[in-house]
Amino acid sequence: MVTITGIPDGWPTDEAAARAAQDALRGRVVVDETGPPPGAGTVTGIDVAYDDERDVVAAAAVVLDADTLDVVEETTAVGRVAFPYVPGLLAFREIPAVLGALRELTADPGLVVCDGYGLAHPRRFGLASHLGVLTGLPTMGVAKNPFAFAHDTPGRERGSAAPLLDGADEVGRALRTRTGVKPVYVSVGHRVSLDNACAHALALTPRYRVPETTRRADRLCRDALAAVSDGVLGLTARPLPGT
DNA sequence: GCGACAG
DNA sequence: ATCTTGTCGC
């Protein structure tokens, strides 16, 4: 079956309202907790895929055993696109669908690993922090590209890191998850420490640059999007006659 | 004002 | 994110 997600009541419709919402919520981010230790319990990857042409979005949540990295549970949700892509306001585009997928889970998500940033954000309230505040779950962000803060190049070996600095504050780290491969960008979302977030990022990358959580969620939400685009929501053309 | 800009 | 073919390398 396909679960369909709506957009929460009062969800911002324009950029000014979205920025105001970030300003109103960022004070609720909890930064004095260490979070679950790597290898214990579960870790959950979330990701979203879009078909802006058809105004359709698909989200996926994949729960992994933190020790073995085996899949424990997978859920998806589809809906209409809630917000355009605007740098700094990514959460408003992704979160409604993500909440839909998380609602379907029966397993404990444990630490939620997001695509993007948490505190390493222009207003200190990126996607990972926003999702954490809305759900109460510990969250962290792992972005594939640099965003708001400059940084030095980390050492070439897996595990090397360079701080993302906002003045004197370390708001994240460029972390080398594989030797000789370009780094990823780790930041705290909610209820985890930066050190622990980096440890998790390394525990989740035994083979590839990107965490196993996000790789799994990425594939699942793309599959879900392809499935709905193929007619589940009555959005596509009929097969060609005689083919 | 101009360019850059998570996904 | 998404559009897209081949291609270099382990």
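A few points about this structure:
- Using a cutoff of 8 angstrom between alpha carbon atoms and counting only pairs six or more residues apart, the relative contact order for chain A works out to 22 percent.
- Theoretical FRET efficiency, 1/(1+(r/R0)^6), r = Cβ-Cβ of A:T3 and A:R207, R0 35 Å, to 0.05: 0.70
- The string of couplings for segment A:132-137 from the Karplus curve (6.51, -1.76, 1.60, θ = phi - 60°) is x, 5, 6, 9, x, 7 Hz, one whole number per residue in order, with x for Gly and Pro.
- What chain A shows is 46 Å² of accessible area per residue, with the surface traced by a 1.4 Å probe over protein heavy atoms.
- Amide H to amide H, with H built 1.01 Å from N, A:V56 comes under 5 Å of A:D51, A:V81, counting only residues 5 or more places away or on other chains.
- Accessible area of chain A belonging to carbon and sulfur atoms, whole % at 1.4 Å probe: 50 percent
- Heavy-atom accessible area order for A:I7, A:I46, largest first, 1.4 Å probe: A:I7, A:I46
- Estimated distance in nm for a label pair at A:R158 and A:D14, the labels positioned 7 Å out from Cα along Cα-to-Cβ: 5.0 nm
- Looking at chain A, the DSSP beta bridges with both ends there are about 80 percent antiparallel.
- The relative contact order of segment A:21-72 comes to 32 percent, based on Cα pairs under 8 Å that sit 6 or more residues apart.
- Using the Karplus relation 6.51 cos²θ - 1.76 cosθ + 1.60 with θ = phi - 60°, the per-residue 3J(HN,Hα) values for segment A:154-160 come to x, x, 6, 7, 3, x, 5 Hz, with x marking Gly and Pro.
- Interchain or long-range residues, amide H under 5 Å from A:G35's placed H: A:S193
- Computed 3J(HN,Hα) for segment A:17-27, one whole-Hz value per residue from the Karplus formula 6.51 cos²θ - 1.76 cosθ + 1.60 where θ = phi - 60°, is 5, 5, 5, 5, 5, 5, 5, 6, 9, 5, x, glycine and proline marked x.
- Cα centroid of segment A:10-87 to Cα centroid of segment A:189-214, whole Å: 15 Å
- Other-chain or far-sequence residues with amide H under 5 Å of A:V72's (modelled H): A:V63, A:L64, A:D65
The values are calculated or read from the model by the stated rules, or taken from the named source; none is laboratory data. Just so you know, these numbers come straight off a predicted model, no measurement behind them. As a convention, Cβ positions derive from the backbone with ideal geometry for all residues, glycine included, and neighbour counts pool all protein chains shown. When the accessible area is computed, the model is the full protein with side chains, heavy atoms only, and any ligands, DNA or RNA have been set aside. Shrake-Rupley method; radii C 1.70, N 1.55, O 1.52, S 1.80 Å.
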